[in-house]
Amino acid sequence: MTKAASRSRFTDLTAPSGRPRQVRPVMFFALLGGLFLTLGLYEWLAALFSGDLKPTTAGRGTGPEWVLWSVHGQEVLLGLLGLAVLVVVVIIPWRKTGHLTFDGMMVLSWATLWAIQDPWVSYSQTVISYNSTAFNLGCPQCHVPGWLSNNALAEPIVWGLGCYLGPMYLATLVANRLMTKARERRPQLGPFGLVMVAIGFMAVSDVILEVLWTWTSVYSYGGADPRMSLFGQSYFKYPLWVGLFWGIAWGLIASIRYFTNDRGQTVVERGLNDVKASDKAKQALRLLAVIGAMNGLFAFAYNVPVQWFSLHAQAFPDDLLSRPYLLGGVCGPGTDYACPDPRVPIPRGTESGRVNPDGNFYAPNGLPNQSGDDG
């Protein structure tokens, strides 16, 4: 039995057979995918032409030796895992059949989630900082229009891509298996119940994985409110709202893969058969649609709602401020940015006046005279 056939037994929410299909979700999601890819291209080009596409090295070499081994060891492991997934799920099936499978498209879409949106949790104010020990080219994603916080993040390339291609995708497969088991044991669950199974599993998975990654010094949620976090006063503080909202986004992405109609199509592919185009054009539409749906969920189920927590970021713990390699030059000692604190005003971009780590006000280009006195 093929994979598409094995999944076709799940609920079909399309129009009854024989009724003309007026709505083509594939076109909407493909348009969304095109917009997100355009945004990602803009981010990376903006970083390149502004001179910011270069390694962030602030704090590098100041940590203990075990941090060096931890970060580089994870880069090797996740890099190899991501490469293996790319070869097995994307390249080999494509070489055999001449076209991408849905899972191949999903793997490529996971890569775009990292390349476009990964650090957006700090869009409004710095919440997360990455270990500058990791191989990085600064933070191209921080060049999204309207970015307010310091854009000097050390966004890890090998670790980040490996993480999205490996654990993120593989956990989706596990979630789908759990959904199948839940449906077999409790047929009355229905689509909503199965989606909740996926969300619950992903939320728990996120807690386990991110506690591991923060504890091993890959990154830190310094600005998270300790009252809503595990290990609130430590450098490996884990905000529970991350598990909640990322669990929702991750679970919904897994649900896209799980629910198909009798043609083996997911909701983002519906209407493709009604499109008059070549096979290659339809493949491109499918890929754009998957990219659009997954990026849309990441943006609107996670990155948008978590901005409330970013705007209300709390003081970075001393346990983190004493680790410059984990701050990566984004704030604190050695920079002209004070780390977030309820007593510190939120700067509006790199040209904004701000408080420096010494507690003094710093205005890169001076302050405007708004007294109304022409003299």
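Remarks
- Some residue of region 236-247 being open to solvent by 20 Å² or more (accessible area, probe 1.4 Å), within 14 Å of Val26 (Cβ to Cβ) and either at pLDDT below 95 or out of contact with any Pro (no Cβ under 9 Å at 6 or more places or on another chain) (or both): no
- Single residue of Leu137, Leu161, Leu148, Leu165 found to be of a type in the set (A, V, I, L, M), touching an Asp or Glu at 6+ places or on another chain (Cβ under 9 Å) and either open to solvent by 10 Å² or more (accessible area, probe 1.4 Å) or without any contact (Cβ under 8 Å) to a residue 24 or more places away in the chain (or both): Leu137
- Residues of region 137-147 classified as under 21 Å from Leu320 (Cβ atoms) and not in a helix (DSSP H, G or I), total: 2
- When region 313-326 is filtered for residues that are out of contact with any Gly (no Cβ under 6 Å at 6 or more places or on another chain) and open to solvent by less than 20 Å² (accessible area, probe 1.4 Å), the ones remaining, listed by number, are Pro317, Leu326.
- Filter pass, Ala338 being open to solvent by less than 40 Å² (accessible area, probe 1.4 Å), part of a loop (DSSP other than H, G, I, E, B) and free of Cβ contacts under 8 Å to residues at least 24 places away in the same chain: yes
- Looking across region 49-73 at every residue that is free of Cβ contacts under 8 Å to residues at least 12 places away in the same chain and within 29 Å of Thr214 (Cα to Cα), the one that is surrounded by the fewest Cβ atoms within 10 Å (Cβ to Cβ) is identified as Glu65.
- Here Leu297 qualifies as touching a helix residue (DSSP H, G or I) at 6+ places or on another chain (Cβ under 9 Å) and either open to solvent by less than 40 Å² (accessible area, probe 1.4 Å) or at negative phi (or both).
- For region 154-184, the tally of residues that are within 15 Å of the chain's Cα centre (by Cα) and either among the hydroxyl-bearing types (Ser, Thr, Tyr) or part of a strand (DSSP E or B) (or both) stands at 4.
- Verdict on Leu194 being outside any loop (DSSP other than H, G, I, E, B) and out of contact with any Phe, Trp or Tyr (no Cβ under 8 Å at 6 or more places or on another chain): no
- Restricting the first member to region 74-94 and to residues that are charged (D, E, K, R), and the second to residues that are surrounded by 13 or more Cβ atoms within 10 Å (Cβ to Cβ) and in a helix (DSSP H, G or I), the beta-carbon pairs closer than 7 Å and six or more apart or on different chains are Glu75/Val158; Glu75/Trp159.
- Single condition Ile199 does not satisfy, out of (1) more than 25 Å from Val85 (Cβ to Cβ); (2) touching a Leu at 6+ places or on another chain (Cβ under 9 Å): (1)
- Condition check for Ser132: over 17 Å from the mean Cα position of the chain (by Cα), within 26 Å of His312 (Cα to Cα) and either among the charged types (D, E, K, R) or surrounded by 24 or more Cβ atoms within 10 Å (Cβ to Cβ) (or both): yes
- The number of residues in region 96-121 that are open to solvent by 20 Å² or more (accessible area, probe 1.4 Å) and over 17 Å from Gly162 (Cβ atoms) comes to 7.
- Extreme residue, farthest from Asn303 (Cα to Cα), among residues of region 30-53 that are assigned to a loop (DSSP other than H, G, I, E, B) and touching a His at 6+ places or on another chain (Cβ under 8 Å): Ser50
The values are calculated or read from the model by the stated rules, or taken from the named source; none is laboratory data. Predicted model, so just to flag it, every value in this text is computed and none were measured. All Cβ positions, glycine included, derive from the backbone under ideal geometry; neighbour counts span all protein chains shown. We work out accessible area using only protein heavy atoms, side chains counted, and drop any ligands, DNA or RNA first. Shrake-Rupley method; radii C 1.70, N 1.55, O 1.52, S 1.80 Å.
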